[in-house]
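S.K.: Below is the structure I would like to discuss, written out as structure tokens.
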Amino acid sequence: MAFRLTRLALLACAGLAACAAPAAEGPKSASTKENPSAEPDDPYPSTYQPYPGMPTVVRNVTIFDGEGGRIDNGVIFFVSGKIASIGGPDTPIPADIAVFDGTGKYLTPGIIDIHSHLGDYPSPSVDALSDGNEMTSPVTPDVWAEHSIWPQDPGFSRALVNGGVTALQILPGSGNLFGGRGVSLKNVYARTMQGMKFPGAPYSLKMACGENPKRVYGNRNTKPSTRMGNIAVDRATWIKAREYQKKRAAGKEQTRDLGMETLADVLEGKILVQNHCYRADEMANVIDMAKEFGYKVTAFHHAVESYKIADLLKENGICSAMWADWYGFKMESYDGIRENIALVHNAGACAIVHSDDENGIQRLNQEAAKAIAAGRRMGITIPDEVAWEWLSYNPAKAMGIGDKTGSLKIGKMADIVLWNGNPFSVYTRPEKVWIDGAMMYDANDPKKRPVSDFELGQIGAGDVK
């Protein structure tokens, strides 16, 4: 998202805050002198720096705070990238700052997509750019999704402009049992992946169960070719990981193993687990396996049968990242229902709406609206402001960034969307989007429409989009 900056323009304005966020030097990482084989703490550090913003107030607006709260005729004030105050019409407004009138409009936290492949499966969708699935072994925890991310993917800007997406988690694909590390990004233009990398966000491990791994490797006549083979390979891998982790914890010398480093960090609670899984029985098996080896599943993704075990998911504190109505496209998704999200929420479990799609990410608000409607048709009435948790605060918590973003609370990042109507209406679009208090998109200002550098100069793209 180059904000109409070509490569030459980027070079010409190097060092000017108005052109682009400055690139910060990340911490240097090196193995310790005491243990030369020890892995570095942060070898690919975030260099993200917020774009310059200005003190801003939006008033006379309906606010969903992301944690189930609603303020009618509300006021929000943010400065220095953070939310400074939020409340009703009597909330004090500082003098001599930018004030936007939100009459008839809605204001929410930015949408956070917990399951995206933007940058790893970018547009245009061609083989040369397909970099999200290292399907050379069922066990590839050594790969990191961030090392495939192409920051110029036009999908990032479209998610921002059409979908109000301010942060997202990029995951490896689901062809393997252990797919690799996922990474969280701020949805801003940057020349490098590290310039988008969400500061302080923990990594995630992408795992998968069910049809995908058994189909990929069964077709090659290698293990796993069955669901029992899936679990057997998983368990054997965790046994190796525990041994590696024990030696590492004891400070014993051993050859660095990138995959085992990731799994050892999972066992120590440093890396979250995002598990692709459809069927209820398989999710239950994975929960037992996690208990066997002492790790925790943070969220099941796709999870079309979560409604069958919502009580079990609540009991174990596991989120479900779900579609509104994608099901039936393969056998393990056959028993999905439109009421899934509402039923999971109604049981007191953590519900999230996710995309897994470069087009769906542009309409996650509408996906949530479909789930709300399905619940109401069966008698589960979930207020709009409560349902917004599915789009911002719940995914933020499941990505380990809920203390920084995902809701409109004093001191949190000013990642905010002003919608031109009720955000659950198909007729509503983002009017303005702020990330860390910087206005990244304004529907009323053509100069504030982000365009990927890749799109510039291409017929039918870029400036005329």
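The values are calculated or read from the model by the stated rules, or taken from the named source; none is laboratory data. Bear in mind the structure is a predicted one, so any value in this text is a computation, not a measurement. Because the Cβ atoms are built from the backbone with ideal geometry, glycine has one as well, and the counts that use them run over all protein chains shown. Only protein heavy atoms, including side chains, enter the accessible area calculation; ligands, DNA and RNA are left aside. Shrake-Rupley method; radii C 1.70, N 1.55, O 1.52, S 1.80 Å.
S.K.: Relative contact order of the chain: what whole-number percent is it, with Cα pairs under 8 angstrom and at least 6 residues apart?
M.R.: Worked out over the chain, it gives 20 percent.
S.K.: Under the rule a/c < 1.5 gives rounded, and otherwise a/b versus b/c splits prolate from oblate, where does the stretch 192-274 land using the Cα gyration tensor?
M.R.: Oblate, because a/c is 1.5 or more while a/b does not exceed b/c.
S.K.: Using the structure shown, select from LYS186/LYS247; LYS197/LYS223; LYS240/LYS397 the pairs with a Cα to Cα distance greater than 31 angstrom.
M.R.: Pairs exceeding 31 Å: LYS186/LYS247; LYS197/LYS223.
S.K.: Follow-up question, since we're still on this one. Are there trypsin sites (Lys or Arg not before Pro) in the stretch 311-356 that DSSP marks as loop and that have at most 13 other Cβ atoms within 10 Å, and which are they?
M.R.: Within the stretch 311-356, the qualifying trypsin sites (Lys or Arg not before Pro) (loop, at most 13 other Cβ atoms within 10 Å) are LYS330.
S.K.: Loop by DSSP (not H, G, I, E, B), at most 14 other beta-carbon atoms within 10 Å: where is the longest site-free stretch of the chain for chymotrypsin sites (Phe, Trp or Tyr not before Pro)?
M.R.: So the longest stretch without any such site is 1-328.
S.K.: Now for a different question. Where the convex hull is taken over the Cα atoms of the stretch 216-372, what is its projected area averaged over directions, in nm²?
M.R.: If I average the Cα hull's projected area over directions, I get 10.8 nm².
S.K.: Additional query: What fraction of the DSSP beta bridges in the stretch 307-460 is antiparallel, stated in percent and rounded to the nearest 5?
M.R.: In the stretch 307-460, DSSP labels about 65 percent of beta bridges as antiparallel.
S.K.: Continuing with the same structure: Could you state the accessible area per residue of the chain in Å², with a 1.4 Å probe and every protein chain left in place?
M.R.: 41 Å²
S.K.: Let me ask something else about it. Determine the relative contact order of the stretch 333-424: mean sequence separation of Cα pairs under 8 Å and six or more apart, normalised by residue count, in whole percent.
M.R.: The value is 25 percent.
S.K.: With point charges of +1 on the Cβ of Lys and Arg and -1 on the Cβ of Asp and Glu, referenced to the Cα centre of the chain, which listed residue (ASN60, LEU267, THR91) lies farthest in the positive direction of the dipole?
M.R.: Of ASN60, LEU267, THR91, it is LEU267.
S.K.: Given the chain, what percent of its DSSP beta bridges are antiparallel, to the nearest 5?
M.R.: 55 percent
S.K.: Can you work out the base-10 log of I(q)/I(0) for the stretch 393-462 at q = 0.19, 0.21, 0.28 1/Å, using the Debye formula on its C-alpha atoms alone?
M.R.: Rounded to two decimals, the profile gives -0.93, -1.00, -1.12.
S.K.: If each residue of separation counts as 0.36 nm, what is the full-extension length gain between VAL426 and ALA128 once their alpha-carbon separation is subtracted?
M.R.: 103.8 nm
S.K.: For the stretch 354-416 and the stretch 222-298, what is the centre-to-centre distance using only Cα atoms, to the nearest Å?
M.R.: 29 Å
S.K.: Go ahead and estimate [θ] at 222 nm for the chain from helices alone: -39,500 (n - 2.57) per DSSP H run with n ≥ 4, summed, over the residue count, rounded to 500.
M.R.: Result for the chain: -7000 deg cm²/dmol, rounded to the nearest 500.
S.K.: Next question. Normalising by the residue count of the stretch 226-331, find the relative contact order in percent from Cα pairs under 8 Å and 6+ residues apart.
M.R.: Reported relative contact order: 21 percent.
S.K.: Among the GluC sites (Glu not before Pro) in the stretch 345-429, which ones are in a DSSP loop with at most 13 other Cβ atoms within 10 Å of the Cβ? Mind listing them?
M.R.: Nothing satisfies the criteria.
S.K.: Can you find, among ALA369, SER157, MET228, the residue sitting farthest towards the positive end of the charge dipole of the chain, where Lys and Arg contribute +1 and Asp and Glu -1 at Cβ?
M.R.: MET228
S.K.: At a probe size of 1.4 Å, how large is the accessible area of LYS296, to the nearest 10 Å²?
M.R.: 110 Å²
S.K.: Something else about it: Just the Cα atoms of the chain: what Rg and Dmax do they give in Å?
M.R.: Expressed in Å, the Cα Rg and Dmax of the chain come to 22.2, 71.
S.K.: Pick out, in residue order, every one of the GluC sites (Glu not before Pro) in the stretch 241-345 that is DSSP loop and has at most 11 other C-beta atoms within 10 Å; say none if there are none.
M.R.: GLU253
S.K.: Count the net charge of all other residues whose Cβ sits under 13 Å from the Cβ of ALA438, scoring Lys and Arg as +1 and Asp and Glu as -1.
M.R.: Taking every Cβ under 13 Å from that of ALA438, the sum is +1.
S.K.: Per 10 Å bin from zero, what fraction in whole % of the C-alpha pairs of the stretch 332-397 is there, up to the bin with the longest pair?
M.R.: Taking all Cα pairs of the stretch 332-397, the binned fractions are 21, 56, 23, 0 percent.
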